[in-house]
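Reviewing the structure listed below.
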Amino acid sequence: MKTRILGRTGFEVSEMGMGCWQLGGDFGPIEDATSQQALTAAREAGITFYDTADVYGAGRSEAQVGQFLKGAGAGSVVATKVGRTAELYPDSYDRGAIANHLRASAQRLGVDRLDLVQLHCVPPAVLEDGEIFSIMDEMVAEGLTAHWGASVETLAEARTCMAQPGCATLQIIFNLYRQNAGWEIFDAAKKQGVGIIVRLPLASGLLTGKYSKGHRFPESDHRNYNADGAAFSVGETFSGIEMDAAVDALDLVRPLVPEGMSLANFALRWILDHDAVSTVIAGVSRPDQALRNAAASELAPLGADVHAELKRIYQAEIEPLVRCPI
């Protein structure tokens, strides 16, 4: 597993990380034992970066990561999030309440100080007001977290956060179905020392190629109840593209996949070819998924001609399908 530096945090992290949303049960039921097996498999594959949030399973994901950390030894870096619980969202970002949420996260994770806390897709108006950034700077000064960053929905929000001196990382949607960040913010992020954490690298699983049109997900899975943005931003599900249209678009991508490489690893390798990216948090709910994701780190970079053709396909055929602000 290759490593990269996570922006100005200075943390050395595995370039393939683990997204722990699934461990909260928001993609369907998952047993605690299965969660621990997935985390252990990820660590054995060289993954050292784990991304969770206080709202994933109402704290269950953090608790699962915390249980794993007890026996994992040194070297793990954990990023969590704050800002989407009912006590805070959408407009009650009180300093004391945020501090209490961070303390609760630290307790579930079993740490004295959090490594990285990310603002969790807070409303644009809150970001533009700016007070939330001062609060996060105070959380660092008080030792509740070593660093803060932001998980955002749009590139406009990314620019607002990146303008803040204290913002160490940005978590963004970036994949073959959402390529704009590559030419709109990556150069600025590198120049400012802001680490890029990529989420939804496989577009909610569609870029694995294992789903067909009309597939039905469990009722508790956000790919069911948020397929059209009923619960939160539609961009968080299938990267904002209607599922059947996204499945059809795979026919444009598959001819470019080298022989012997899976579609999923092709999609992950494409992301890793961007040097502005610090780590990619592919979601894992089973041990075999952790091993598959980790393997992308060892693949050779894709050629410039492949990147150029993927950009052309995206701009001409796929970007018009995205149903939310980019």
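Determine whether residue 169 is among the hydroxyl-bearing types (Ser, Thr, Tyr), more than 18 Å from the chain's Cα centre (by Cα), buried (at least 18 other Cβ atoms within 10 Å of the Cβ) and at pLDDT 95 or above. Criteria not met by residue 169.
The condition (being hydroxyl-bearing (Ser, Thr, Tyr), over 15 Å from the mean Cα position of the chain (by Cα) and within 27 Å of residue 16 (Cβ to Cβ)) is satisfied by just one residue among 105, 92, 61: 105. Return the residue satisfying two criteria in turn: it lies in segment 208-245 and is hydroxyl-bearing (Ser, Thr, Tyr) and part of a loop (DSSP other than H, G, I, E, B), and of such residues it is surrounded by the fewest Cβ atoms within 10 Å (Cβ to Cβ). The qualifying residue surrounded by the fewest Cβ atoms within 10 Å (Cβ to Cβ) is 212. Scanning segment 251-294 for residues that are out of contact with any Leu (no Cβ under 7 Å at 6 or more places or on another chain), free of Cβ contacts under 8 Å to residues at least 60 places away in the same chain and not in a loop (DSSP other than H, G, I, E, B) yields 251, 255, 266, 292. The requirement of being part of a loop (DSSP other than H, G, I, E, B), buried (at least 17 other Cβ atoms within 10 Å of the Cβ), touching a residue at least 24 places away in the same chain (Cβ under 8 Å) and of a type in the set (Gly, Ala, Ser) is fulfilled nowhere in segment 134-151; no residue meets it. The criterion of at least 1 residues that are in contact with a Leu (Cβ under 8 Å, 6 or more places away or on another chain), within 25 Å of residue 162 (Cβ to Cβ) and β-branched (Val, Ile, Thr) is met, among helices (runs of 4 or more DSSP H) falling completely within segment 1-111, by 95-109. Mind telling me which of the residues 282, 227, 249 ends up being within 26 Å of residue 37 (Cβ to Cβ) and of a type outside the set (Val, Ile, Thr)? One residue alone meets the criteria, 282. Only residues that are assigned to a helix (DSSP H, G or I), closer than 30 Å to residue 23 by Cα and either free of Cβ contacts under 8 Å to residues at least 40 places away in the same chain or of a type in the set (Asp, Glu) (or both) were counted in segment 296-326, giving 1.
The values are calculated or read from the model by the stated rules, or taken from the named source; none is laboratory data. Fair warning: this is a prediction, and the values are worked out from it, not measured in the lab. Cβ atoms come from the backbone with ideal geometry, glycine included; neighbour counts cover every protein chain shown.
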